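Below is one structure, written out as structure tokens; comments come after it.
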Amino acid sequence: MTDFLAEYYSYIKALHIIFVVTWFAGLFYIPRLFVYQIEAFYKPPPEKEILGKQLKLMAKRLWFIITWPSSILAISFGVLLIIPRLFYLTDSWMQIKLGFVLLLIIYQFQTHVYYKQLQKDIVKKSSSFMRIWNEGATFILFAVVFLVVLKNALNWIFGIVGIIVLGILLMLGFKIYKKIRTKNPEA
């Protein structure tokens, strides 16, 4: 098995990257659909029903045709990449990367909870919350890419500091955007 994995390592790595990209695409877009679902929920009939039905269908297709299969395939190919190179598991950057992957999986499961609620017209979160929630996968992506590319402890520490700065800038951006939306609801 290890010989097979070593021989086809580049193909497995390419498939892993492809499915990581499609997994993140789903995780980036689904909270945007949640924003639209929540906002449609408060619209008057028949707009509420028409938009709600269409957005639920879009969310269902995205979630079960793209996001979940991509996550399963990305994780599976990632495991296959590690098997012939178990020594990576002793590297601190890999341990931290796997910690972020675990966070991403937890993020996906929590997003699934929101998905199920909205499919049943249960609105517990605001559209503003979902706009912020939408950035969770972005932070994890930044962290993982910095860790994988830089590997050097000092470099990835600067990368993590950069992610924190990015988070602060995003929060400021949300506040500015919220003020603009308050003044101009069409923005």
remark   = By residue number, the members of segment 59-75 that are of a type in the set (A, V, I, L, M), over 22 Å from PHE4 (Cβ atoms) and loosely packed, with under 15 Cβ neighbours inside 10 Å are ILE65
key: Qualifying position, being under 22 Å from PHE129 (Cα atoms), over 10 Å from the mean Cα position of the chain (by Cα), assigned to a helix (DSSP H, G or I) and in contact (Cβ under 8 Å) with a residue 40 or more places away in the chain, among PHE28, PHE19, PHE34, PHE24   = PHE34
ask   = Looking at segment 40-56, is at least one residue of a type in the set (Val, Ile, Thr) and in contact with a Phe, Trp or Tyr (Cβ under 9 Å, 6 or more places away or on another chain)?
value = no
Among (1) surrounded by fewer than 17 Cβ atoms within 10 Å (Cβ to Cβ); (2) modelled with pLDDT of 95 or more, the one test that GLY78 misses = (1)
query = Restricting attention to segment 81-94, does a residue exist that is closer than 30 Å to TYR42 by Cα, among the aromatic types (Phe, Trp, Tyr) and surrounded by fewer than 17 Cβ atoms within 10 Å (Cβ to Cβ)?
reply = no
ask   = List the pairs whose first member sits in segment 82-110 and is in a helix (DSSP H, G or I), whose second member is at pLDDT 95 or above, and whose Cβ atoms are under 7 Å apart, counting only residues at least 6 apart or on separate chains?
value = GLN108/LEU27; GLN108/SER71
request  = Would you mind stating whether SER126 is polar (S, T, N, Q), surrounded by fewer than 17 Cβ atoms within 10 Å (Cβ to Cβ) and within 22 Å of VAL20 (Cβ to Cβ)?
outcome  = no
Scan of segment 108-122 for residues that are β-branched (Val, Ile, Thr) and buried (at least 16 other Cβ atoms within 10 Å of the Cβ), ordered by number = THR111
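Table: residues versus (1) more than 22 Å from the chain's Cα centre (by Cα); (2) modelled with pLDDT of 80 or more.
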position: ILE106; (1), (2): no, yes
position: VAL123; (1), (2): no, yes
position: SER126; (1), (2): no, yes
position: PHE129; (1), (2): no, yes
position: THR138; (1), (2): no, yes
position: ASN152; (1), (2): yes, no
position: ILE164; (1), (2): no, no
position: LEU169; (1), (2): no, yes
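The values are calculated or read from the model by the stated rules, or taken from the named source; none is laboratory data. Keep in mind it's a predicted model, so treat the numbers as computed, not measured. In this analysis, Cβ positions are derived from the backbone assuming ideal geometry, glycine residues included, and neighbour counts consider all displayed protein chains.
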